[in-house]
Structures are given as C-alpha cells and as structure tokens.
Amino acid sequence: MILPTNQLKLLYRLIFTLLVLLFYGALVKAQDTAEPKKYMWWNEPYRFPKKNPKAKFLPLIRVAGNKFVSAKNDTIIFRGLSIADPDKIDHQGHWNKVLFEKVKDMGALLVRIPVHPVAWRERTPEKYLILLDSAVSWCTDLGLYIDIDWHSIGNLEMELFQNPMYNTSLKETNEFWRAIANHFANNNTPAFYEIFNEPTTYRGQLGNISWTDWKKINEDIIHLIRSFDSEKIPLVAGFDWAYDLTPLREEPINAPGIGYVTHPYPFKRSQPWEPKWEEDFAFAASNYPIIATEIGFGVQKGQPADGADNYGTRITQYLESKGIGWLAWVFDPEWGPAMLQSWDTYSLTPCGEFFKKAMHAPTIK
C-alpha cells in the first residue's frame with residue numbers, strides 16, 4: 001500500500017522527532033553516568049589581586065615619631081567609630097553605601113571594620129573580601145579611612161578564646177593577614193591593620209602568655225604583612241583586653257612605623273580615671289603613636305550622656321590632650337554599647353548622640 005504524500009511527510013516527521021528524542025535521551029544518560037571532571041590542582045592559575053583605579057585617591061597615612069601624619073606631614077588625631085561585622089550587617093540587609101554615609105554624617109574620619117574569625121571562615125575568605133572591597137570603594141568615595149581589625153578575644157598562643165565566635169588559630173591568623181595584605185597592598189583607604197582585637201588570659205582561665213611571646217607573635221605577623229604591603233600601619237594591642245601598655249616601658253615591639261592600641265572602657269579602673277590612664281597606657285604616647293580603637297559607655301534611662309564629669313567627656317578630652325585618637329564602639333542597634341536605636345531610621349542612642357557631637361567638636365590644640 002502506498003501512502004499519500006501528505007501522510008508520508010507526517011510519518012517522516014514523527015520518525016525524525018523520535019530519533020531526536022532518542023539521541024538527546026542517550027546524551028543525557030551518558031552525561032549522568034560520566035565521571036565528574038577531575039580537579040587538577042596543578043592547572044589552577046594564581047589569581048593576582050585586581051588593580052583598583054582609586055587605590056591612591058586618599059592621601060597616604062604614615063607614622064612620624066609618635067604621631068600619625070598625612071602626606072603633608074600634618075598630625076592627625078583620628079576620630080571615628082566601629083561598625084559591626086560586615087557579615088552580620090550583610091545578613092541583616094544593611095550592607096550598603098548608606099551605612100557609610102551615616103558614618104560620615106557622624107563626623108568620622110576613620111571607620112573600624114571588625115572581622116570575626118567565624119564569619120571569615122563561614123563566608124569563605126574569597127567571598128568575605130568582596131564585602132571588604134565594597135567597603136573600601138564606598139569609603140574612598142566618602143573620604144573615610146579604614147582600620148581592618150581581626151576581631152578575636154583571648155590567648156592566641158595557646159589558642160584559647162573567650163567565645164566560639166572568636167575561635168581561631170595562629171595559622172589562620174597568619175593566613176588572614178597574608179590574604180588582607182596581599183589584597184589591599186598599595187591601597188591608601190585601609191590605613192591600619194589591627195592585628196588582634198583583645199589579648200587576654202582572663203585570670204588564667206585562657207591559659208598564660210608572656211609579653212615576650214606576644215611581642216614575637218606580633219613581630220612575625222608585621223614582617224609577614226610587610227612582605228606584601230609596606231605602607232599600612234600595623235596596630236598592636238596590649239594585654240588586659242587591649243588596655244594595658246605598661247610592657248612598652250621595657251619591651252616595645254621591634255618594628256618601626258607601627259601604632260599601639262588601647263581600649264579604656266570606664267569599668268577598667270575605678271575613679272579617678274585620669275591618673276590610672278596615665279599610668280596604664282597614656283605614658284607611652286610621648287614615644288609612640290597610640291589610638292583607642294574602642295571606647296564606649298551605656299546610659300541609664302533618664303541620665304545624661306554628656307557633662308564635664310561623665311566618662312564620655314573625660315575620656316575623649318583626655319585622649320586628645322595626649323594626642324591619642326579614638327573610635328567609638330559600636331555603630332549598631334544590637335551590639336553594645338549601641339550607638340543606634342534601630343536600622344529603620346538610623347536614629348541614635350544617647351551614647352550615639354554624644355559621640356556625634358564629640359566628633360564634630362573643634363579639635364583640642
């Protein structure tokens with residue numbers, strides 16, 4: 001039987017369609033059963049950091065004697081604040097340029113960015129660097145300098161830490177600074193590398209470490225950083241949660257062009273504060289540049305945040321009288337002492353209002 005032409009065409013189309021389906025079915029099956037592409041580590045290219053065209057937009061900050069100075073050799077006493085961890089802020093939907101515009105409105109010249117080890121690991125270094133790249137870009141546009149802070153608390157030598165979020169190791173700490181220094185080399189916006197947030201042994205509950213050993217750890221990290229980036233200013237914290245700098249009388253860090261950190265919260269010593277501040281850290285300001293990378297205080301309901309006798313007024317005026325800059329902790333509505341009441345309006349707490357006023361006040365001569 002001979003089929004009509006139109007029926008033959010239809011039959012041919014059906015046969016062709018069936019063959020196509022069979023072909024693609026066999027192809028999919030072959031792909032499903034094929035071995036996955038093998039990872040060949042020896043073929044992985046080295047990824048050089050991308051050049052940032054705005055890397056030199058802000059003037060370079062450097063150390064001269066016991067001061068931080070500008071490219072014109074003008075002394076800079078930094079005022080600023082610390083934000084929360086970028087990973088936290090990003091997860092909460094507020095990692096954007098608006099955040100840094102609000103920081104700029106506060107009167108800050110320097111913003112501290114605390115990187116928690118747990119966040120660095122969980123997000124992965126490659127993806128975390130994307131967050132930091134955004135911060136550097138926004139801050140460059142706004143004229144803000146950055147202090148990148150490895151935000152751990154505890155004993156790095158014995159690897160005992162105050163809380164799981166701070167858990168790290170000496171190896172990871174070295175790898176963090178190698179990645180950061182390599183990535184931001186020759187970029188002037190990140191002006192400071194704060195090597196370790198708050199060293200403490202917490203009355204022996206986090207083991208023990210001598211200043212000599214802590215000195216060696218910092219010197220090794222500084223040497224590592226400078227093999228990639230010789231322009232940044234490493235910041236070294238003292239013991240007692242980055243408060244006590246008395247070991248500098250006998251054993252300063254053997255590295256030029258660095259600064260030291262203190263965190264003189266009101267609860268560190270009983271009043272009168274000023275003589276104890278002088279004894280514990282401010283004495284060193286005659287020889288070394290120092291910056292208080294955390295100060296802050298809570299305010300009870302109905303109590304004023306300012307006033308001549310209040311901690312906020314006394315610490316900011318005392319620090320500046322010694323040529324020491326300061327950064328308020330923390331520009332966030334959840335971490336404390338909080339400077340923000342909420343993310344919705346960026347409304348300030350009394351503590352936040354105080355520091356905004358202090359940052360806009362004339363510099364003490």
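The values are calculated or read from the model by the stated rules, or taken from the named source; none is laboratory data. Please read these numbers as outputs of a predicted model, since none were measured by experiment. FYI the Cβ positions are ideal-geometry reconstructions off the backbone, even for glycines, and counts take in every protein chain you see. Surface areas here come from the heavy atoms of the whole protein model, side chains and all, with no ligands, DNA or RNA. Shrake-Rupley method; radii C 1.70, N 1.55, O 1.52, S 1.80 Å.
List of remarks:
- Modelled spin labels at residue 360 and residue 267, positioned 7 Å past Cα toward Cβ, are 3.1 nm from each other.
- Taking Lys and Arg as +1 and Asp and Glu as -1, the other residues whose beta-carbon sits under 12 Å from that of residue 144 total +1.
- Given (1) 1.32; (2) 0.92; (3) 0.97, the label whose value is Cα Rg over 2.2 N^0.38 Å derived from this model: (1)
- Per residue accessible area of the stretch 261-365, 1.4 Å probe, in Å²: 45 Å²
- Spatial separation of Cα centroids for the stretch 138-164 and the stretch 39-57, in angstrom: 24 Å
- Seen from residue 261, the other residues with C-beta closer than 15 Å to its C-beta sum to a net charge of -3, counting Lys and Arg as +1 and Asp and Glu as -1.
- Among beta bridges identified by DSSP and lying wholly in the chain, the antiparallel ones come to about 20 percent.
- Reach of residue 357 by Cα under 13 Å, taken over aspartates and glutamates that are not fewer than 8 positions away in the same chain: 105, 306
- Scanning the chain for long hydrophobic helices, with DSSP H runs required to stretch 27 angstrom or more by C-alpha along their axis and to average at least -1.0 on the Kyte-Doolittle scale, returns 5-33.
- Protein accessible area in the chain, 1.4 Å probe - carbon and sulfur %: 56 percent
- Fully extending the segment from residue 91 to residue 310 would add 75.3 nm, taking 0.36 nm per residue of separation and subtracting the current Cα-Cα distance.
- Rounded to the nearest 500, the 222 nm mean residue ellipticity of the chain from helices alone is -11500 deg cm²/dmol, with -39,500 (n - 2.57) taken per DSSP H run of at least 4 residues.
- Gain in span if fully extended, residue 13 to residue 69, counting 0.36 nm per residue against the direct Cα distance: 12.1 nm
- The relative contact order of the stretch 208-365 comes to 16 percent, based on Cα pairs under 8 Å that sit 6 or more residues apart.
- The relative contact order of the chain, computed from alpha carbon pairs under 8 Å that lie at least 6 residues apart in sequence, is 17 percent.
- Separation of the residue 251 and residue 211 label points, Cα + 7 Å toward Cβ, nm: 0.8 nm
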